[in-house]
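The values are calculated or read from the model by the stated rules, or taken from the named source; none is laboratory data. Everything quoted here is computed from the prediction, not taken from an experiment. No Cβ is skipped: glycine too gets one built from the backbone with ideal geometry, and neighbour counts run over all protein chains shown.
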There are 2 protein chains.
Amino acid sequence: MTSNSEKPLHPLDPVSFTDESKAVIDFIADYYKNIEKYPVQSKVETGYLTAKLPDSAPYCPDSLEDILEDVKESILPGLTHWQSPSFFAYYQASSSTAGFLGEMLCSGFNVVGFNWISSPAATELESIVLDWMGKMLKLPSSFLFSGTGGGVIHGTTCEAVVCTLAAARDKALRELGGNWENITKLVVYASDQTHFTFRKAAKLVGIPPSNFRLIQTSFATEFSMSPEPLRLAIEDDIESGLVPFYICATIGTTACGAVDPIAELGKAANKYKLWLHIDAAHAGSACICPEFRHFLDGVELANSVSMNPHKWFLTNMDCCCLWVKEPRYLVDSLSSNPEYLENNASKSKAVVDYKDWQVALSRRFRALKLWIVIRRHGVANLMHHIRSDISLAKQFEALVAKDDRFEIVVPRKLVLIFFRLKPKHELDSGELNCKLLDAINSSGRAFMTHGVVGGIYAIRCVIGATLTEERHLKDLWNLIQEKARFLLLQYNE
Amino acid sequence: MTSNSEKPLHPLDPVSFTDESKAVIDFIADYYKNIEKYPVQSKVETGYLTAKLPDSAPYCPDSLEDILEDVKESILPGLTHWQSPSFFAYYQASSSTAGFLGEMLCSGFNVVGFNWISSPAATELESIVLDWMGKMLKLPSSFLFSGTGGGVIHGTTCEAVVCTLAAARDKALRELGGNWENITKLVVYASDQTHFTFRKAAKLVGIPPSNFRLIQTSFATEFSMSPEPLRLAIEDDIESGLVPFYICATIGTTACGAVDPIAELGKAANKYKLWLHIDAAHAGSACICPEFRHFLDGVELANSVSMNPHKWFLTNMDCCCLWVKEPRYLVDSLSSNPEYLENNASKSKAVVDYKDWQVALSRRFRALKLWIVIRRHGVANLMHHIRSDISLAKQFEALVAKDDRFEIVVPRKLVLIFFRLKPKHELDSGELNCKLLDAINSSGRAFMTHGVVGGIYAIRCVIGATLTEERHLKDLWNLIQEKARFLLLQYNE
């Protein structure tokens, strides 16, 4: 490693690049080896880092040793360890060596493939790998480049929803005669369980918040969206002179993992000519296994579908696959062709220019990591990975179910167990389970989060961190029981 | 390295993580060592990769050797080499070992810091490093957390513009009484040189394209936006019952590097109460040097300012710093607080939850790389880096200027030389220079792009790739002369 020195550095010298990068590899490998020693959720106080770091940049360079020492002493204590095997919160960001290698190549080449010519391999590999992934999910050929559609890698689902909303909005405005004033008539639909980024995205593209319809869900449908109230809402809006144009269905909602009935919602969407988007951010990964593919039944009725390999598909952050049936609607809405980007390939219309399929101009070469994740594991291992997580989830669910003090609040679909400690008095339930969750999380031995559906506060345990093994779930269950015992003593006094 | 095997892989085993990562480091270091051997702009035909790769995913895993062999044989020929020392196109994506190390740590930890609690270090380091960067640029304290404002790292300028547009739009709608129908009255302003993503962003947030005013620029002001026509346009719109609400000024436009007069535009913005955003995507990096800080004079009159360390600040893609004077407008527009993200830290309002400062929920820990770039080089080396690029640009400009066959079309501000081969007949100019550029780029020995301002087609030569040295500019100039000589023979026949 190089020493602290005041003479100008060569910022990209291959020799020091190799030495310093390998030192960081060792640092990260050590982190993985020791990851179980850290409290899963960080225990720092707000503002802890401001107190530790200088308030302005150093004039002279620091050595890598000093920087890594600071990462160890100041950054690691402030991390909530998403790669910990005892991280059961939110939905995981599962990473892998293969995903990491892809990120390294992406960052090492550091090309910006906004159009084909700016790096043909970046565009073409993305198109190829989106077709691979689409075929693994058995998407109809209408979503594939080898068929009549196509796909793109965005950073997040929110971006996919923003772009499809903008495409559908501009299509609807054109069909209404091109008068932009009609934007205030456009109405969007989702369920009250749909991820909040849907509302954020709809507002972002200028849909009035008074035109958001969130169809109510309940225990009766395990919190999936029913087609009947959706149809009624659409009919109501049409009668009021409004223009329904977009519906977002979810496979695996955030709070409790509900699955909307795609085929039935698709029929309604088609009848009223709404754009149907399917958000399969987390659960989509499972659909590569034949036994879970049924979640996507009816996908042929949708206009677009997205899922995030960065959640449960071993692909390091960030990576959201979006497929659309008619890419021209995305391009119509998002394209622009300034003179300074003119080139013969774009003019020929024989290439994909991904800048017209996303919000920004610049883009990282994210396809590399998804390509390497798929090749390095192979479909066989990827299915094995999904199945072993589901098997762990079943085991954990069985532990909860056979303990009379607990109950499963909404039946498990895949790897999310939504459960609570049963209160003696229903009114105590929220407080009791909130205290239980706090006690578990502050132990530092595991991290889970919560959800509220149908007025019931429950704990979410999601299986899916790459390093999680059976023993970690046994430890978790012991921890939950230990904290529950203590709490129940207090509440039953 | 591991061999091709059908038995399940351990996706994140620390030992194979180390071995495979180091093999990829060696691969990337080799790439840098040999980068001058590749044609700078890729020479592949459209569809080349589809012909080389299988059309569906492998069932069994491939070995890393096989994957790296394919990267070498199939991906490298399709890259346009942004890290080549002879890459003078667009604006560079300058990378460095330090930026790469930061990317590795980001990808290795793979935390998702959407709110403070989900990884306090990710949020706090971002706030600290934005203050560091803001102080290096001598931004007023009204843009810093240590003052009354604050900053965030987005992926790209387009995202920064989308978010500030949404914040300004919602502020304007509230001031108009909260009626969403007024969205069709809102008007945005920029110059005809402003990056096209401004129009894309404005349309994305629902501003009618008929309400985009692009102030005409000309040779008289070296293509910077004049305050007088801006004032007239604003007055006109107010008279027509419209509501001017946002203006985007640029420091260093894309085509020819024009610099808008911030102080004068700021006065107009303040007078009419418009949100002023300053896009200093490329040129912002230079403002850490006292001799170039004057470009930002008047920044105190702006509401927001952004610049991209991923362009000229040795920070690997992607990294765009956005500072805002009143973060609450961003948060008002972009926040949402679903039950499943509720936590005591957010409720206390004592923390920053960056999900409310950006489009998406999920976010990578990008602050690490900017922090390491700044610390590993120190402000001294970073200023040296900017100054040596500008010195190279001056040398190249001198070569062009002293050759009578060429002319500088718009005077250089920083590192963009905008020049053309003088035609015998003005009508031939576009064709002649287009042919010259094609001849240079197809040689594979350098890559530049073009721009058109005031009807004049000219070649853009931007200095700033990390590996560029004086000899590469000498080679470029020889190449230009060689191709020009040949072309002039044809045209002067």
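Tabulated values for the structure
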read-out	value
Residues located in region A:221-252, provided they are farther than 29 Å from A:Asp170 by Cβ, outside any loop (DSSP other than H, G, I, E, B) and of a type in the set (Ser, Thr, Tyr)	A:Thr221
Residue under evaluation B:Leu79, criteria (1) in contact with a Leu (Cβ under 7 Å, 6 or more places away or on another chain); (2) over 21 Å from B:Ala122 (Cα atoms), criterion not met	(1)
Qualifying residue in region B:169-186 (condition: more than 11 Å from every other protein chain (Cβ to nearest Cβ), surrounded by 24 or more Cβ atoms within 10 Å (Cβ to Cβ) and not charged (D, E, K, R))	no
Selected residue (criterion: modelled with the lowest pLDDT) from residues of region B:1-59 that are among the small types (Gly, Ala, Ser) and assigned to a helix (DSSP H, G or I)	B:Ala51
Criterion violated by B:Glu339 - all others in (1) crowded, with 21+ Cβ neighbours inside 10 Å; (2) of a type in the set (D, E, K, R); (3) touching a Gly at 6+ places or on another chain (Cβ under 9 Å); (4) more than 30 Å from B:Ala89 (Cβ to Cβ) satisfied	(1)
Members of region A:112-125 found to be closer than 17 Å to B:Glu73 by Cα and either of a type in the set (Asp, Glu) or part of a helix (DSSP H, G or I) (or both), listed by number	A:Pro120, A:Ala121, A:Ala122, A:Thr123, A:Glu124, A:Leu125
Residues located in region B:391-443, provided they are among the small types (Gly, Ala, Ser) and at pLDDT below 95	B:Ser429, B:Gly430
A:Val305 touching a Phe, Trp or Tyr at 6+ places or on another chain (Cβ under 9 Å), of a type in the set (Val, Ile, Thr) and surrounded by fewer than 24 Cβ atoms within 10 Å (Cβ to Cβ)	no
1 or more residues free of Cβ contacts under 8 Å to residues at least 24 places away in the same chain and of a type outside the set (Asp, Glu): qualifying strands (runs of 3 or more DSSP E) within region B:401-493	B:406-410, B:449-453
Top-ranked residue in region A:146-168 [being more than 15 Å from A:Tyr329 (Cα to Cα) and facing chain B (nearest Cβ under 10 Å); ranked as surrounded by the fewest Cβ atoms within 10 Å (Cβ to Cβ)]	A:Ser146
Subset of region B:218-231 (residues that are crowded, with 20+ Cβ neighbours inside 10 Å and away from chain A (no Cβ under 14 Å))	B:Ser224, B:Met225, B:Leu230
Candidate set from region B:365-405 (those that are among the charged types (D, E, K, R) and within 14 Å of another protein chain (Cβ to nearest Cβ)); member that is nearest to B:Leu488 (Cα to Cα)	B:Asp389
Lone unmet requirement of (1) in contact with a strand residue (DSSP E or B) (Cβ under 6 Å, 6 or more places away or on another chain); (2) closer than 13 Å to B:Trp323 by Cα for B:Ser191	(2)
Members of region B:412-438 that are out of contact with any His (no Cβ under 8 Å at 6 or more places or on another chain), within 14 Å of chain A (Cβ to nearest Cβ) and of a type in the set (A, V, I, L, M, F, W, C)	B:Leu416, B:Phe418
Count of residues meeting criterion [farther than 29 Å from A:Ala350 by Cβ, more than 10 Å from every other protein chain (Cβ to nearest Cβ) and out of contact with any Lys or Arg (no Cβ under 9 Å at 6 or more places or on another chain)] in region A:301-330	2
Among residues of region A:193-217, those that are among the hydroxyl-bearing types (Ser, Thr, Tyr) and free of Cβ contacts under 8 Å to residues at least 12 places away in the same chain, counted	1
Search result, residues across region A:61-81 that are more than 7 Å from every other protein chain (Cβ to nearest Cβ) and acidic (Asp, Glu)	A:Glu65, A:Asp66, A:Glu69, A:Asp70, A:Glu73
Identity of the residue in region B:128-138, surrounded by fewer than 24 Cβ atoms within 10 Å (Cβ to Cβ) and more than 7 Å from every other protein chain (Cβ to nearest Cβ), that ends up nearest to the chain's Cα centre (by Cα)	B:Leu137
